[in-house]
1. Return the total of residues in region 76-96 being at positive phi and free of Cβ contacts under 8 Å to residues at least 40 places away in the same chain.
2. Does GLY64 satisfy the criteria of being buried (at least 21 other Cβ atoms within 10 Å of the Cβ) and in a loop (DSSP other than H, G, I, E, B)?
3. Anything in region 15-39 that is β-branched (Val, Ile, Thr) and in contact with a helix residue (DSSP H, G or I) (Cβ under 6 Å, 6 or more places away or on another chain)? List them, or say none.
4. Look through region 27-46, keep the residues that are open to solvent by less than 50 Å² (accessible area, probe 1.4 Å) and among the hydrophobic types (A, V, I, L, M, F, W, C), and return whichever of them is farthest from CYS92 (Cα to Cα).
5. Which one of these is open to solvent by less than 30 Å² (accessible area, probe 1.4 Å), in a helix (DSSP H, G or I) and within 30 Å of TYR193 (Cβ to Cβ): ILE16, ILE49?
Amino acid sequence: MYMLQIKDTLVSLDLIEQFFCCDLDACLGQCCIDGDAGAPVTEEECEAIRAALPVVEPLMLPRGVDEVRRNGVSYIDEEGDLVTTIVDGRNCAFTCYAPGGKCLCALEQAWSQGKTTFRKPSSCHLYPVRLTQYPTFTAVNFHHWKICKPAHVLGRKLGLRAYQFLKEPLIARFGRDWYDELCLAAEEYLRQYGSKTPED
């Protein structure tokens with residue numbers, strides 16, 4: 001797999017080549033309710049979630065509230081990672097629903113209403129980017145999932161690359177200087193080689 005070095009990270013070329021823009025109206029937020037583990041989360045994020053629970057719980061589904069009250073906001077999954085609590089072995093406990101069956105995040109809903117300063121776990125904000133920490137660098141990978149097909153279609157329609165769509169969370173995680181360097185490297189790469197992404 002070819003990658004670009006940006007400061008102390010190695011960035012997958014998929015982040016540059018792939019067109020991507022979340023299309024919630026098409027996928028209905030399936031990534032929050034389709035999986036075998038919760039979203040990766042840090043201890044600091046767990047503390048922020050616990051602090052926000054009084055304003056978040058009223059937006060959650062009753063079963064999610066019960067699960068969090070019984071088992072906490074996170075657990076260690078089979079791979080040894082700290083992840084958000086799930087319900088029925090697959091659904092994030094912090095999901096809620098809008099009319100029409102669209103899945104939303106109760107944490108983000110509380111944030112958007114100005115009730116908390118914590119938006120959601122960085123891993124959720126960054127998706128489809130997945131980070132892997134190594135002793136001397138961080139790998140910034142692009143996760144391919146069939147349920148994100150509408151996002152590839154919409155991204156191509158809008159001419160929006162994944163790294164452009166993820167500008168806000170990438171800056172929040174790595175900083176403006178890092179993102180500016182990524183943009184320069186992406187523009188040069190696309191100028192020289194163009195996209196090798198097949199039609200989605």
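The values are calculated or read from the model by the stated rules, or taken from the named source; none is laboratory data. Quantities reported herein were computed from a predicted structural model and do not represent experimental measurements. In this analysis, Cβ positions are derived from the backbone assuming ideal geometry, glycine residues included, and neighbour counts consider all displayed protein chains. What goes into the accessible areas is simple: the full protein's heavy atoms, side chains included, and nothing from ligands, DNA or RNA. Shrake-Rupley method; radii C 1.70, N 1.55, O 1.52, S 1.80 Å.
1. Step one: of region 76-96, the residues at positive phi are 80, 88-89.
With free of Cβ contacts under 8 Å to residues at least 40 places away in the same chain added as a condition, the list becomes 80, 88.
Residues flagged as at positive phi and free of Cβ contacts under 8 Å to residues at least 40 places away in the same chain within region 76-96 amount to 2.
2. Working: buried (at least 21 other Cβ atoms within 10 Å of the Cβ): yes; in a loop (DSSP other than H, G, I, E, B): no.
Taking the combined requirement at face value, the residue does not satisfy it.
3. So the first thing to find is which residues in region 15-39 are β-branched (Val, Ile, Thr), and the list is 16, 33.
Answer for region 15-39, where residues must be β-branched (Val, Ile, Thr) and in contact with a helix residue (DSSP H, G or I) (Cβ under 6 Å, 6 or more places away or on another chain): just ILE16.
4. CYS27
5. Values: ILE49 fails: within 30 Å of TYR193 (Cβ to Cβ).
Exactly one of ILE16, ILE49 is open to solvent by less than 30 Å² (accessible area, probe 1.4 Å), in a helix (DSSP H, G or I) and within 30 Å of TYR193 (Cβ to Cβ), namely ILE16.
Yes/no matrix, rows are residues, columns are (1) open to solvent by 70 Å² or more (accessible area, probe 1.4 Å); (2) assigned to a helix (DSSP H, G or I):
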{"residue": "ALA110", "(1), (2)": "no, yes"}
{"residue": "LYS115", "(1), (2)": "yes, no"}
{"residue": "LYS120", "(1), (2)": "no, no"}
{"residue": "SER123", "(1), (2)": "no, yes"}
{"residue": "ALA139", "(1), (2)": "no, no"}
